[in-house]
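The values are calculated or read from the model by the stated rules, or taken from the named source; none is laboratory data. This structure is a prediction, so every number in the text was calculated from the model and none was measured. Because the Cβ atoms are built from the backbone with ideal geometry, glycine has one as well, and the counts that use them run over all protein chains shown. Ligands, DNA and RNA are excluded from the accessible area calculation, which covers all protein heavy atoms including side chains. Shrake-Rupley method; radii C 1.70, N 1.55, O 1.52, S 1.80 Å.
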Amino acid sequence: MRKVMIIGCPGAGKSTFARRLHDVTGLPLYHLDMLWHKPDRTNIPKEEFDVRLGEIVRKDRWIIDGNYQRTLEMRLKECDTVFLLDYPLSVCLEGAQSRIGQKRDDLPWLETEFDEGFREWITGFPKDELPQIYELLRKYKGKNEIVIFRSREEAEDFLRHM
């Protein structure tokens, strides 16, 4: 395990899992939200994001936390391990709600409210995003080790036994 992707619905705990995996493995950790978002809540241009992400994936070792569906295949081509946090929608909504007001190292600002547009995106994730993720994972099944967690307990158990 040298190049690791962590993907899943917002609120599932990708960043928390990524930090814990980083602590265990010592692999460099990159949060895509920190790459994409500016502190003023705007974004860098897509071209700049792609260049920066390309520089990261060409490194020898990494953990990359985040979906950014448009760039999944670029990362799948380079990684050796994928962790998909495929948790029930209620868990993800609760996770996103619980981090409101919490300072985070994976986002360049403090969320002060649970934005309705973000809530809707999370609610649509299982039918709008997840099928595409599974399709890509099937495509790369022989190349990558793919680990799918269906609960926080499964992820915790995996980390405890590393």
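Here are the numbers:
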item	result
Residue match in segment 104-118 (condition: closer than 26 Å to Arg138 by Cβ and buried (at least 16 other Cβ atoms within 10 Å of the Cβ))	no
Any pair with Cβ under 6 angstrom, 6 or more apart, that starts in segment 107-125 at a residue that is touching a residue at least 12 places away in the same chain (Cβ under 8 Å) and ends at one that is exposed (fewer than 14 other Cβ atoms within 10 Å of the Cβ) and aliphatic (A, V, I, L, M)	Glu111/Ile100; Phe114/Ile100
Test: residue in segment 41-50 that is modelled with pLDDT of 95 or more, of a type in the set (A, V, I, L, M, F, W, C) and under 15 Å from Tyr68 (Cα atoms)	yes
Sole exception among (1) over 27 Å from His161 (Cα atoms); (2) hydrophobic (A, V, I, L, M, F, W, C); (3) open to solvent by less than 60 Å² (accessible area, probe 1.4 Å) for Trp121, by number	(3)
Glu48, sole failed condition from (1) acidic (Asp, Glu); (2) free of Cβ contacts under 8 Å to residues at least 24 places away in the same chain; (3) within 19 Å of Arg138 (Cβ to Cβ)	(3)
